[in-house]
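What follows is a short report on a single structure.
Quick note: the coordinates plus some simple rules give every number you see, no bench work behind them. Everything numeric here is computed off the predicted structure, so don't read it as measured data. Please note: Cβ atoms are built from the backbone with ideal geometry, for glycine as well, and neighbour counts cover all protein chains shown.
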Amino acid sequence: MITYQTEGVEMPHIKKRETTEWVKAVTQTYGKKVGEIAYIFCSDEKILEVNRQYLQHDYYTDIITFDYTEGNRIAGDLFISLDTVRTNAEQFGATYDTELHRVIIHGILHLCGINDKGPGEREIMEQAENKALALLAEMER
C-alpha cells in the first residue's frame, strides 16, 4: 500500500492512482513487490530536521529514504522536500513535474537495491530513473 502525506506543505499535484500504478510497475521490473510505502512531502526545513535527527547530516537534500524492506517486499518512508525539488528542476532545466517524479522513483529504486554513492553507481541510478520516467510517459499515453 502506498500513502501520500504532507508535513508543512501543500500536497503536490500528482495523480496518486497513476503514480501508485507506475511505482508498482517499476518495482515489478526488479522482481519486487510493493509493501508499505509512505511518501511524506515536506519543506526544506523539515528534511533538514530529519537529516540531522536520524542521519546526523547537516544539509538539505531532495529525498531521504528509510528502508524497511524485507525479502522481495519493499517498504519504507520517503521524505521528499518540495523546496529542493523545485530548486533542482530550475538548476537542471527540467520541469517541476518531471523532477518530482524523478525523486519519487529515486526512493523506490533505492528500496529495490540501486545505490548512487559509490563509483559508477550514480550513472546506473540515472539510467534507472530515465527508464522509469520513460515507462511513466508510456503509461500516460
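Computed quantities for the displayed model
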| quantity | calculated |
| --- | --- |
| Single match in Asp116, Asp83 (criterion: among the acidic types (Asp, Glu) and touching a strand residue (DSSP E or B) at 6+ places or on another chain (Cβ under 9 Å)) | Asp83 |
| Identity of the residue in segment 28-47, among the aromatic types (Phe, Trp, Tyr) and in contact with a strand residue (DSSP E or B) (Cβ under 7 Å, 6 or more places away or on another chain), that ends up surrounded by the fewest Cβ atoms within 10 Å (Cβ to Cβ) | Phe41 |
| Segment 29-47 residues that are without any contact (Cβ under 8 Å) to a residue 60 or more places away in the chain, paired with ones that are of a type in the set (Lys, Arg) and surrounded by fewer than 19 Cβ atoms within 10 Å (Cβ to Cβ) (beta carbon under 7 Å, 6 or more apart) | Lys33/Arg73; Val34/Lys24; Gly35/Arg73 |
| Qualifying position, being outside any loop (DSSP other than H, G, I, E, B), of a type in the set (A, V, I, L, M) and surrounded by fewer than 17 Cβ atoms within 10 Å (Cβ to Cβ), among Ala75, Ala94, Ala25 | Ala25 |
| Residues being under 22 Å from Cys112 (Cα atoms), more than 15 Å from the chain's Cα centre (by Cα) and surrounded by 12 or more Cβ atoms within 10 Å (Cβ to Cβ) - total across segment 1-17 | 0 |
| Segment 7-22: number of residues that are assigned to a helix (DSSP H, G or I) and either over 22 Å from Ala137 (Cβ atoms) or aromatic (Phe, Trp, Tyr) (or both) | 1 |
| Test: residue in segment 54-61 that is in contact with a helix residue (DSSP H, G or I) (Cβ under 8 Å, 6 or more places away or on another chain), outside any strand (DSSP E or B), in contact (Cβ under 8 Å) with a residue 12 or more places away in the chain and surrounded by fewer than 20 Cβ atoms within 10 Å (Cβ to Cβ) | yes |
| Selection count, segment 104-130, where residues are free of Cβ contacts under 8 Å to residues at least 12 places away in the same chain and in a helix (DSSP H, G or I) | 7 |
| Some residue of segment 93-107 being under 22 Å from Thr3 (Cα atoms), over 12 Å from the mean Cα position of the chain (by Cα) and aromatic (Phe, Trp, Tyr) | yes |
